[in-house]
């Protein structure tokens, strides 16, 4: 088993008003040159959990950080007006928390963060601030939101 030290939460960056199926996500990742979906898990708007890559297989979700991470993506991230937003509904939030709890038990000491938390600290102040984000993904601040699950949750 690989040594997992971080769970990375992503959004699909798709409109909440549209259905972004697991098949479509996989087709889009194949078109980008991946050999399958880059994520390990996908949380649909219905709250359905879709397993993509086995945990034993590194993802293709954070360049340079795939070997020691697990990637979870939720469907959405773009609101009805075309703006980036936390579009998770109660079903998605519950499914995401349930999955995170399972993974934290499997990998004690793991951190939980968002994709945006892998952006470079351009001003070298020890914090990754909004003006430094390469991506807004997952459109909410995963570190404090899930800190109670790990007692630390920082990269």
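Shape class of the range 33-106 from the Cα gyration tensor (axes a ≥ b ≥ c, square roots of the eigenvalues): oblate, since a/c reaches 1.5 or more and a/b does not exceed b/c.
With Cα atoms as the point set, the radius of gyration and Dmax of the chain evaluate to 14.7, 43 Å.
Note on residue 18/residue 94: beta-carbon distance plugged into 1/(1 + (r/R0)^6) with R0 of 25 Å gives a FRET efficiency of 0.70.
The range 1-58 and the range 79-155 have Cα centres lying 15 Å from one another.
None of the figures in this text is laboratory data; all of them are computed from the coordinates on show. These figures come from a predicted structure and were not determined experimentally. FYI the Cβ positions are ideal-geometry reconstructions off the backbone, even for glycines, and counts take in every protein chain you see.
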